[in-house]
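Derivation of every value follows stated rules applied to the coordinates shown; laboratory data play no part. These numbers were taken from a predicted model, which means no experiment stands behind them. Please note: Cβ atoms are built from the backbone with ideal geometry, for glycine as well, and neighbour counts cover all protein chains shown.
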Amino acid sequence: MLKSKYRTLILLLLSMAFIGQSNSADDSKKIDIPDSAFKCLIELTASGTFFVDNLLGNLEATLQVANSSSGGKFPPGSLVTLVPNEVMIKHREGWNPGTNDWEFFLLNISAEGANIAARGTEEVGNQAGSCFGCHQLARPEWDLVCGINHGCAPLPFTREQIQGVQNSDPRCSKEN
Ligand code: HEC
């Protein structure tokens with residue numbers, strides 16, 4: 001009796017360690033992300049409904065996937081954003097296979113710039129739920145990018161409402 005309880009405990013601890021490990025990101029594959037990486041939306045490059053950048057200077061490769069009509073795998077350094085305070089950034093391959101190496105960011109935005117309110121993988125979300133929870137519904141060839149017809153449930157906003165938010169990024173009014 002006691003012995004089997006002990007065994008259950010060991011199994012529980014082992015499975016927790018395993019789960020912990022499967023969620024832990026590999027730091028050697030992590031890209032350094034300063035607050036200055038989060039620029040005014042309309043200074044970025046538009047791709048369809050959203051905006052992109054590449055923090056490793058490889059914008060061409062990011063645009064090639066973002067503009068593709070058949071999807072693809074975004075290269076490391078890719079930054080994708082739809083509304084000013086929500087951003088996805090791709091780390092190097094192997095950082096966190098569970099999210100295709102994407103990290104999700106929720107930002108505080110003001111005329112002074114951006115700082116990070118929350119960042120991470122499956123655990124980060126907004127009022128509507130987990131970023132990953134929604135984005136994982138994109139069909140595999142779209143690399144967690146929802147677009148307008150990649151398999152995610154649509155947002156309850158019109159295109160005009162989304163564009164309104166994009167055009168009112170408080171960071172853009174700053175002289176630079
Ligand atoms: C309720 C589901 C849902 C949640 C929660 C959600 N998203 Fe999205 N997201 C979407 C959908 C759907 C789109 C595409 C919307 C469109 O353009 O019409 C989208 C678009 C985006 C885009 C533009 C690229 C793309 O996938 O089309 C980024 C970047 C993004 N979301 C990041 C985030 C981040 C970061 C979070 C968490 C802080 C988050 N999202 C939470 C559903 C969601």
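How high is the relative contact order of the stretch 26-169, in percent, with contacts defined as C-alpha pairs under 8 Å that are six or more residues apart? Please list the in-between numbers first.
Details: 251 pairs, mean separation 28.7, N = 144.
Reported relative contact order: 20 percent.
Applying the Karplus parametrisation 6.51 cos²θ - 1.76 cosθ + 1.60 with θ = phi - 60° to the phi angles of the stretch 27-42, what ³J(HN,Hα) value in whole Hz is obtained for each residue in order, glycine and proline being reported as x?
Couplings: 4, 5, 9, 8, 8, 6, 10, x, 4, 5, 5, 8, 8, 3, 3, 6 Hz.
What is the dipole size for the stretch 26-169, taken about its Cα centre, with +1 at each Lys and Arg Cβ and -1 at each Asp and Glu Cβ, in debye to the nearest 20?
Computed about the Cα centre, the dipole is about 280 debye.
Give the shape of the stretch 55-174 as rounded, prolate or oblate, defined through the alpha-carbon gyration tensor: a ≥ b ≥ c are the square roots of its eigenvalues, a/c under 1.5 means rounded, and otherwise the shape is prolate if a/b is larger than b/c and oblate if not.
rounded
Can you compute the FRET efficiency between Ala128 and Glu60 using 1/(1 + (r/R0)^6), with r the Cβ-Cβ distance and R0 = 22 Å? Round to the nearest 0.05.
The pair Ala128/Glu60 has a calculated efficiency of 0.10.
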